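One structure is given here, and the rest of the page talks about it.
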Amino acid sequence: MLRNVLLAVAAACIGVSAASAQGAGANFPSKPIRVIVPFPPGQSADIIVRLLADKIKKQSGATVVVENKPGGNAIIGASEAARARPDGYTLLMAGTTAMSAAASMNANLPYDPVKSFTPVTGVALNSYVLVVKPDYPANSVQDIVELARKSPGKLSFGSGNQSSRMAAELFKTMTGVELLHIPYQGTEQAMSDLVNGQITMMFNGVMTSNPYLKRKDLKALGVSSQAREPELPDVPVIGDTVAGYSFIAWQGLVAPAGVPRETVATLNRLFTDALKDGEIYARLNGLGMTVWPVSQEELGKVIAEDKVKWRMLVTKAGIPVVQ
Amino acid sequence: MTLVESLLAGFSVAATPSNLLFCLLGVTLGTLIGVLPGLGPTATISLLLPFTFGLDPVTSLIMLAGIYYGAQYGGSTTAILINLPGEASSVVTCLDGYQMARQGRAGTALTIAALGSLFAGIVGSFVIALWGPVLADFARGFSSPEYFALMVLGLVAAIVLAQGSLLNAIAAIMMGMFIGLIGIDRTSGVARYTFGQPELFDGIGFVPVAMGVFGLVEIAVNLEQTQGKRQVLSQVGRLWLTRDDVAKAYRAVLRGTGIGCLLGILPGGGAVLGSFASYALERRVSRDPARFGHGAIEGVAGPESANNAAAQTSFIPLLTLGIPSNGIMALLMGAMMVQGIAPGPEVMTSRPELFWGLIASMLIGNLLLVVINLPMIGIWVKLLHVPYRILFPTILIVCCVGVYTLNNSIFEVVVMAGFGVFGYAMRKSGCEGAPFLLGLILGPLMEEHLRRAMLISFGDPSVFVTRPVSAVLLLIAVLLFAFAVIPSVSLMRAKTFEED
Amino acid sequence: MTSKAPAAVDRQDVLAALLVGAVGLAGLWFGRGLAWGQASAMGPGYLPLGISWLLITIALLLGARAYLGPKRKLPAMNLRPLAVITAASLLFGFLLERLGLVCTTFVVAVLASFASADSSLRERLVLAATLSIASTVVFVFLLGQPIRLWWWLE
């Protein structure tokens, strides 16, 4: 008797969920899509999502709401997204911090960047540029490497966030030089100390560096991407000197694991359409980022590759893992 | 162009009907969120950011800036009325502002806060216009040794502003510093006292602690004294200032404005230090320091002027160097960059309408704030007529919702409740909340700069005395500490002998 | 507390010593795994452990002063309001994401009002309802905060 009731209830549930899944495929989205941003309001990830929400509303009428869940180096927001119902109505504004950095620097992460999420779409890319003071006696990546070899541990690099640090740690491991790491809480103070000559060099986002480069407060030695940056056509690629070097921070949208394929496809189309819009392209460029409207598969590939690459780096650089 | 011509050009931009409207909108919204504890200008500005992209860059900047300095205005209201500092910079306003309210002088306190802020805001705006670039260069010379020295000075100021025993004040500061160090250590990446909780990785937030230590404790103490029967703060008293008030306050306003203008330029904690430093200074120069903590009008006039002056001059690094000095400035920088304007020294020459328009709008905005706020004072003060049994559940609900909306986090509400209990124990054992909170803010900053300065100097501590600015600041700190300690030690000895 | 014989110790200082000492000891115990490092490269434990030791020293000084200094009693204490206020805040945290803002503020305001005995039931209910509506209007409708209003809404 009880078993029959349970079976009936289960069947009803399956029926309902199947119906709702079907409904989702046909007229998704039928209610607002919530995007969890694991940062406080005002950071670039937050601004991008708000810009996209605005554009999507205009393009397709769908409502996207932003919910800031900052804290714990993006771990809090990402955990909540991983636990959410996989119906496509909850997304996470993921990126290097929530995925690559968190996974490689925490022993007990409440989620797995690959297994807990379904990739939806890439959003933006941010490459780094190696900058020094204009009067510093190095005019190329090669010069820096030689100077660092001559006096190991005397040259220092600053970092205002984990990605910037990782770009430098990767440089250290690949060239085998010893550099002193000076950590900062945010980029501004680090830039100011760099201009003042307190620290030797820094890997910094292209756009935040650009104003400094334009007024010759700093000089650029190389960019971290695989090809030259359109913003900095005269700056060579670091990979030309250090074979195989490339480092790019990314931002992308993911959903909890288990979202139906067609829903993901709909979401991907919704967001990539907005990203391909000329206005969004210009706004993101203004913030120092390149739009990155790619398929869910390509985002998934990057997340998986990053996980391996960062873990290797953290081990090699001897960065303590949070227990 | 002369200053007058530039300013006139600025007014022609700022005084167009739409810019005036958005300025009014910004300062009104700023006042509202400043009055509500928890929800701060950062959250509000970023919520509004997407809507401003459709506006002209100048208009959007005028409105967003208005929210920021408007919030500084509003912040003093709850501090004075119900002993609830909504932001770090209004902690010191609680000390004498709330006492004034208890004596029926809430109107006077609110009026001097508004007028002091108006004066400071106007002076601050002129400082940006006249000496912006010079001051920015001065601030740029600050590196970790200077910041460390500044933090030490701030902590010594916290000792000076404490009421009771010196030992209790130091204990409160040290406990605050300790709590401030909880979280992932940015230098090494090691988790400290987090017990594996990601909520603790970024440390314990200022707002929930302040709400617990000030807001909740105040409710508990009021209720245990009165059982909720008495109407607390029932007298209204006069709203306007007496001749005596003006005589006492105007020097404090001048000094507070000066300190605020100077410290506001410095990134990270500059504005907060401004209000604390102003209070400590007022107490030091006062002929009757015993009045402080018991409703001294200088204790409201100085810090309130300082924090509003600092709010204006914190624009200097952004406008003249393109370096944002705090989170809100970073947000405004983002807003400018999205509009295709690269903030920096060029802005003054390439987009003069933007620079001067913004400055003119600050002058207008500060006037508007006083026009909005002065009539409101009467209404605020009437709120104190509400019986406490009605008022306290309201305060509690506002605290809870306000703390939650900060990060949409339940954890922060729990932190507030926990620090309510901790704060109650502190209050009963004679440790004050203000030095505790200053320790909480300055502790982690001091550690960061100390460790970085030592890293950069390869472990040579002489950097703190060979760099002139750092040496001077440390010297002032030592002198101030000596002045605070000597009378207190001799007093204690005298008391001990009396007992024997 | 007897009022005639002077107390042997200053109770306020004793309470302060206990509080400060507890924070210091907790800092040492829970921070026992943190590395000190040296002055040139301070470890994550340098400041927290240093401050913990300082707190313990201050606690001892406070304890000494309790015996040597003037003898004060503890200020009057009544823990009921504190307990109710704390419970109400915790209840708010527990209920908000389960019940939604409207019901939570109502329940919490009713509970909180019992921190004061001087109120009629009708007044408590009216006040709670008013606060519930007001917080919804101000925080959700005016300021656009993303707070769930009812338990069935996402």
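The values are calculated or read from the model by the stated rules, or taken from the named source; none is laboratory data. Predicted model only: the values in this text are computed from it and were never measured. Because the Cβ atoms are built from the backbone with ideal geometry, glycine has one as well, and the counts that use them run over all protein chains shown.
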Name the residue, out of B:Ala210, B:Ala129, B:Ala171, B:Ala109, that is modelled with pLDDT of 90 or more, closer than 30 Å to B:Val371 by Cα and hydrophobic (A, V, I, L, M, F, W, C).
-> B:Ala109
Of (1) aliphatic (A, V, I, L, M); (2) under 25 Å from B:Leu64 (Cβ atoms); (3) within 21 Å of the chain's Cα centre (by Cα), B:Val371 satisfies all except one. Which?
-> (3)
Out of all the residues in the stretch A:137-158, which are touching a Phe, Trp or Tyr at 6+ places or on another chain (Cβ under 8 Å) and more than 10 Å from chain B (Cβ to nearest Cβ)?
-> A:Phe157
Residue count, the stretch B:445-458, condition closer than 19 Å to B:Val209 by Cβ and at the interface with chain C (Cβ under 9 Å from one of its Cβ atoms), comes to 2
Neighbours by Cβ (under 7 Å, 6+ apart or cross-chain): first from the stretch B:282-307, over 18 Å from B:Thr257 (Cα atoms); second among the hydroxyl-bearing types (Ser, Thr, Tyr) = B:Phe292/B:Ser286
Within the stretch A:70-114, restricting to residues that are facing chain B (nearest Cβ under 9 Å) and among the polar types (S, T, N, Q), the one that is nearest to A:Val35 (Cα to Cα) is A:Ser79
Matching residues in the stretch C:25-46 (facing another protein chain (nearest Cβ under 8 Å) and within 16 Å of B:Ala172 (Cα to Cα)) number 1
In this structure, does A:Asn161 turn out to be polar (S, T, N, Q), at pLDDT below 90, over 18 Å from A:Glu305 (Cα atoms) and crowded, with 19+ Cβ neighbours inside 10 Å?
-> yes
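Restricting to the stretch A:295-323, count the residues that are within 14 Å of chain B (Cβ to nearest Cβ) and surrounded by 14 or more Cβ atoms within 10 Å (Cβ to Cβ). Steps first, answer last, please.
Of the stretch A:295-323, the ones within 14 Å of chain B (Cβ to nearest Cβ) are A:310, A:313-315, A:317-323.
Narrowing further to those that are surrounded by 14 or more Cβ atoms within 10 Å (Cβ to Cβ): A:310, A:313-314, A:317, A:319-322.
Adding up the residues that qualify gives 8.
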When the stretch C:27-60 is examined, which residues are found to be free of Cβ contacts under 8 Å to residues at least 24 places away in the same chain and either in a strand (DSSP E or B) or among the aliphatic types (A, V, I, L, M) (or both)?
-> C:Leu34, C:Ala35, C:Gly37, C:Gln38, C:Ala39, C:Ala41, C:Met42, C:Leu47, C:Leu49
Are there any pairs with C-beta distances below 9 angstrom linking a residue in the stretch A:160-189 that is more than 10 Å from chain B (Cβ to nearest Cβ) to a residue that is among the acidic types (Asp, Glu) and part of a loop (DSSP other than H, G, I, E, B), with the two at least 6 apart or on different chains, and if so which?
-> A:Lys172/A:Glu178
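Going through B:Ile341, B:Ile364 one at a time, which residue ends up being in contact (Cβ under 8 Å) with a residue 60 or more places away in the chain, over 25 Å from B:Tyr73 (Cβ atoms), buried (at least 19 other Cβ atoms within 10 Å of the Cβ) and β-branched (Val, Ile, Thr)?
B:Ile341
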Quick one: would you say B:Gly205 is under 20 Å from the mean Cα position of the chain (by Cα) and either of a type in the set (Gly, Ala, Ser) or at the interface with another protein chain (Cβ under 7 Å from one of its Cβ atoms) (or both)?
-> yes
Complete set of residues in the stretch B:320-379 that are β-branched (Val, Ile, Thr) and outside any helix (DSSP H, G or I) | B:Ile323, B:Ile341
Please identify the pairs in which a residue from the stretch B:316-335 that is at the interface with chain A (Cβ under 8 Å from one of its Cβ atoms) has its Cβ atom under 7 Å from the Cβ atom of a residue that is surrounded by 23 or more Cβ atoms within 10 Å (Cβ to Cβ) and among the acidic types (Asp, Glu), counting only partners at least 6 apart or on another chain.
-> B:Ile323/A:Glu188; B:Pro324/A:Glu188
C:Ala8 meets each of (1) in a helix (DSSP H, G or I); (2) farther than 30 Å from A:Leu180 by Cα with one exception, condition (1)
Test set (1) of a type outside the set (D, E, K, R); (2) over 17 Å from the mean Cα position of the chain (by Cα); (3) closer than 25 Å to A:Asp112 by Cα - A:Gly278 fails condition number | (3)
Residue satisfying all of: in the stretch C:36-90; among the polar types (S, T, N, Q) and more than 30 Å from B:Asp185 (Cβ to Cβ); surrounded by the fewest Cβ atoms within 10 Å (Cβ to Cβ) among these | C:Asn78
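Hey, any hits in the stretch C:98-108 for a residue that's more than 9 Å from every other protein chain (Cβ to nearest Cβ), within 24 Å of B:Gly423 (Cα to Cα) and crowded, with 16+ Cβ neighbours inside 10 Å?
No; the residues of the stretch C:98-108 include none that is more than 9 Å from every other protein chain (Cβ to nearest Cβ), within 24 Å of B:Gly423 (Cα to Cα) and crowded, with 16+ Cβ neighbours inside 10 Å.
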May I ask you to say which residue of B:Val415, B:Val386 is more than 30 Å from B:Ala309 (Cα to Cα), outside any helix (DSSP H, G or I) and either polar (S, T, N, Q) or within 14 Å of chain C (Cβ to nearest Cβ) (or both)?
-> B:Val386
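Among the residues of the stretch B:133-163, write down those that are of a type outside the set (A, V, I, L, M), more than 14 Å from chain A (Cβ to nearest Cβ) and surrounded by 23 or more Cβ atoms within 10 Å (Cβ to Cβ).
The one that is of a type outside the set (A, V, I, L, M), more than 14 Å from chain A (Cβ to nearest Cβ) and surrounded by 23 or more Cβ atoms within 10 Å (Cβ to Cβ): B:Gly154.
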Flag if B:Glu199 is acidic (Asp, Glu) and more than 8 Å from every other protein chain (Cβ to nearest Cβ) | no
